[in-house]
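Enquirer: Sending over a structure as structure tokens; questions will come in a sec.
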Amino acid sequence: MSSDPLLQPYKLKHLTLRNRIIVTSHEPAYPEDGMPKERYLAYTVERAKGGVAMTMTAGSAAVSKDSPPVFNNLLAYKDEIVPWIRQMTDAVHEEGAAIMIQLTHLGRRTRWDKGDWLPVLAPSHHREAAHRAFPKKIEDWDIERIIKDFADAAERMKAGGMDGVELEAYGHLIDQFVSPLTNELDGPYGGSLDNRMRFCMDVFKAIRSRVGDDFILGVRYTADERLPGGTGMSEGIEISKRLKQSGLIDYLNVIRGHIDTDAGLTDVIPIQGMANAPHLDFAGEIRAATNFPTFHAAKIPDVATARHAIASGKVDMIGMTRAHMTDPHIVRKIIEKREDEIRPCVGANYCLDRIYQGGAAYCIHNAATGRELTMPHIVAKADSRKKVVIVGAGPAGLEAARVAGERGHEVVVFEAASDPGGQIRLTALSPRRKEMMSIIDWRMAQCEKHGVTIRFNAWAEAETIEAENPDVVIVATGGVAHTDVLSKGNEFVVSSWDIISGDAKPGTNVLIFDDAGDHAALQAAEFLAGAGAKVEIMTPDRSFSPEVMAMNLVPYMRSLQKLDVTFTVTYRLESVEKNGNQLIANVGSDYGGISKQRVVDQVVINHGTIPLDDIYFELKPKSTNHGEISQDELIAGQPQSVVRNAQGQFQLFRIGDAVSARNTHAAIYDALRLAKDI
Ligand SMILES: Cc1cc2nc3c(=O)[nH]c(=O)nc-3n(C[C@H](O)[C@H](O)[C@H](O)COP(=O)(O)O)c2cc1C
Ligand code: SF4
């Protein structure tokens, strides 16, 4: 038996967990009609197959109708969920993993204009900044109803074969009762700590009396809100002890912080550029104070940190949740001593930020996550070996090379630069984004493993490629910054990439015109303001940086507000004129009737990229398919069969930003779904 602390079994009451790594509850927003159907099942089972000890499915399934999901969560208040749950638990158990589900009432952390349009409720009228609803103050009959709803939902989960349920307390209704900041009730549920914890205890009692003892019951709660007037650490320890002493639950899942604002949420679930394992020691203190089974997750992205968490005795089970979205087979790779092959979570938070915008969770660099029904995590070998030539070693080109290599093809990549990475290499120049380079480093290591040849400093001409005698050519040459967008004065501007790369010297009084709304504008602003410039970011949109999204925006704002960068929304830069050493920026508005000027010494444009596609158009007439991709075959997961020129020498495909400016995930998905069928 292995001596690896991570691989030791753990006895949680009657349940034996096969190792110490769990996936904590997270809602990827894959339900269909509020039910965990085939897609949800495939996603969950993939992680069980990968060896995780326990998968805690569903980010907080809703127990009541007046807790409507703000993103696509499971509806645990419906009886029809039981067979769907049963299908999932049977499949997970068959793979040797345990499975639990999280239940919640969101309280004020939702909206009244969702679901059945019922009033949102909470133990006070204070609204939550993130979801904006002004709550009704909860009444006695609401409390009775919701306690029963929790018990009913837990009973459904037991009937569905779950090993247990976890109550999502932090930020949701249960902790809204516990926190003095959100509880303004009189009577038995307000005031003293005993009273504020009464709702939580009543819910536990009701559930326990329904499900009996042979069912795991746990709670995920904040033991330190880190807010003035909120539950502080000493009260958090007292709460933890009382939870244990209740004898009603089997473990604690410890959170530190608050989630009522984007900034608070980001400190609870840190993103790239923020410290790893920031609350692990705190979780260890709770465990030491309670001597009770303690679980925890918060940016434990790598196996070494997870091993430390267990070996040091800080926690009993360690969550590697986003890490499993990036690589569902972590435990298998640990067991097979292939840790170096684990696809790393780079903390990009594309997954989480997407669900808060109403989308499904996708991993920035694993396009198979959430698409298990159509995309492979392990690529199958091809029936026959082909010669595949790829132009460009950015994320799209390297993903195509990795996948084609894994298929067993002979793969040659031409890259004009001296290093791989394309736009990712540029984005990783910002210290907060340097983890992004792991997207490239992991692919380079995989390409090496699969015998891919990469030629750097190699500008591929049509003849160079033809000389390779390829069966398939994939053009993944990316794009170049697009600044030619003004009616006049385009020659006076620089691009955000010029600033980030250091190709353009920072000005002192700078206007950034950003209508792409992605990271590059904020990165450029940070470089400029950090170098001492006065910076204004202007966008014609209603809000700035829409593509950066909520949690990714937090570290930028913490930095840019201190540097006094200003943001102007709903104005459009129309033209630029030179006036001596200065530039005059002429500003209008899509709403009309406005004409203003700014006098600056540098104008930076952030308007995405235009495709670098010369090589593609040179090769097009020589190919069998004239570059055409059958969308039907692509979507159906079939090999490409278009023939437009029977005399052609090879199939030709174009992917990523070489087609049109999109993002890293889109580039990688383009590559995976094409190359898996070559
Ligand atoms: C897409 C997504 C959805 C999540 N939803 C929930 C949720 O509903 N309830 C919850 O307690 N935590 C939720 N989380 C937080 C995770 O359980 C975990 O605490 C967090 O991702 C930090 O752990 P990690 O760094 O290992 O990913 C979610 C995380 C992700 C990525
Ligand atoms: S999107 Fe980023 S944070 Fe989310 S799982 Fe993927 S790599 Fe990790």
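Enquirer: In terms of solvent-accessible area of protein heavy atoms at a 1.4 angstrom probe, what is the ranking of Lys205, Lys299, Lys37, highest value first?
Expert: My answer, sorted largest first, is Lys205, Lys37, Lys299.
Enquirer: What share of the DSSP beta bridges in the range 1-146 is antiparallel, in percent to the nearest 5?
Expert: If I count the DSSP bridges inside the range 1-146, around 25 percent turn out antiparallel.
Enquirer: Okay, moving on. Run lengths n ≥ 4 of DSSP H only: what is the helix-derived mean residue ellipticity at 222 nm for the chain, with -39500 (n - 2.57) per run over all residues, to the nearest 500?
Expert: -9500 deg cm²/dmol
Enquirer: I would also like to ask the following. Quick one: P(r) of the range 278-332 from all Cα-Cα pairs, 10 Å bins, percents rounded to integers, in order of increasing distance.
Expert: Once binned at 10 Å, the Cα pair distances of the range 278-332 give 26, 53, 19, 2.
Enquirer: So what is the relative contact order for the range 1-65, in percent, with contacts set as C-alpha pairs under 8 Å and at least six apart?
Expert: 34 percent
Enquirer: Taking the alpha-carbon set of the range 532-665, what are its Rg and Dmax in Å?
Expert: Answer for the range 532-665, Rg first and Dmax second: 22.3, 62 Å.
Enquirer: Using only Cα atoms, tell me the angle between helix 550-562 and the longest principal axis of the chain; keep it within 0 to 90° and round to the nearest 10.
Expert: 80 degrees
Enquirer: Bin width 10 Å, alpha-carbon pairs only: give the P(r) of the range 367-516 as whole percents, running from 0 to the bin holding the largest distance.
Expert: Calculated over all Cα pairs of the range 367-516, the distribution is 10, 32, 29, 19, 8, 1, 0 percent.
Enquirer: Not counting ligands, DNA or RNA, and with a 1.4 Å probe, what is Glu491's accessible surface area in Å² rounded to the nearest 10?
Expert: Roughly 130 Å² of Glu491 is accessible to a 1.4 Å probe.
Enquirer: Enter the accessible area of Met444 (Å², nearest 10), with the probe set to 1.4 Å and all protein chains included.
Expert: Number for this one is 50 Å².
Enquirer: May I ask for the angle, rounded to the nearest 10°, between helix 140-159 and the longest principal axis of the chain, with both axes built from Cα atoms and the value confined to 0 to 90°?
Expert: The answer is roughly 70 degrees.
Enquirer: Students often forget the sequence filter, so: which lysines lie under 17 Å Cα-Cα from Lys386 once same-chain residues fewer than 8 apart are removed?
Expert: The qualifying lysines are Lys676.
Enquirer: Distance cut-off 18 Å, Cα to Cα: go down the list Lys13/Lys244; Lys505/Lys534; Lys434/Lys534; Lys49/Lys333; Lys37/Lys78 and report the pairs above it.
Expert: Among Lys13/Lys244; Lys505/Lys534; Lys434/Lys534; Lys49/Lys333; Lys37/Lys78, the Cα-Cα distance tops 18 Å for Lys434/Lys534.
Enquirer: May I have the extent of the alpha carbons of the range 13-54 along their three principal axes, as whole Å values ordered from largest to smallest?
Expert: Cα extents, longest axis first: 34, 21, 15 Å.
Enquirer: Would you kindly calculate the translational diffusion coefficient of the range 58-97, applying Stokes-Einstein with the Kirkwood radius from alpha carbon pairs, for 4 °C and a viscosity of 1.567 mPa s, and quote it in µm² s⁻¹ without decimals?
Expert: Value of D from the Cα-based Kirkwood radius: 116 µm²/s.
Enquirer: Return the percentage of antiparallel bridges among DSSP beta bridges fully within the chain, rounded to the nearest 5 %.
Expert: Just about 25 percent of them are antiparallel.
Enquirer: I'd like the accessible area for Lys387, computed on protein heavy atoms only with a 1.4 Å probe and all protein chains in place. Round to 10 Å², please.
Expert: 30 Å²
Enquirer: I need the P(r) histogram for the chain: all alpha carbon pairs, bin width 20 Å from 0 out to the longest distance, whole percents.
Expert: Going from the shortest bin to the longest, the percentages are 18, 46, 31, 6, 0.
Enquirer: Over the range 382-537, give the accessible area per residue in Å² for a 1.4 Å probe, as an integer.
Expert: The answer is 38 Å² per residue.
Enquirer: Could I ask something else about it? Below 14 Å, Cα to Cα, which aspartates and glutamates can Lys578 reach? Residues fewer than 8 away in the same chain don't count.
Expert: Excluding near neighbours in sequence, the set is Glu491, Asp601.
Enquirer: Also, I was wondering about something else. Take the alpha-carbon centre of the range 398-443, take the same for the range 315-359, and report the distance between them in whole Å.
Expert: Taking the Cα centre of each part, the range 398-443 and the range 315-359 sit 19 Å apart.
Enquirer: Now for a separate question. What do you get for the angle between helix 280-290 and the principal long axis of the chain? Use alpha-carbon atoms, 0 to 90 degrees, nearest ten.
Expert: 10 degrees
The values are calculated or read from the model by the stated rules, or taken from the named source; none is laboratory data. Please read these numbers as outputs of a predicted model, since none were measured by experiment. In case anyone asks, the SASA skips ligands and DNA or RNA and just uses the protein heavy atoms, side chains included. Shrake-Rupley method; radii C 1.70, N 1.55, O 1.52, S 1.80 Å.
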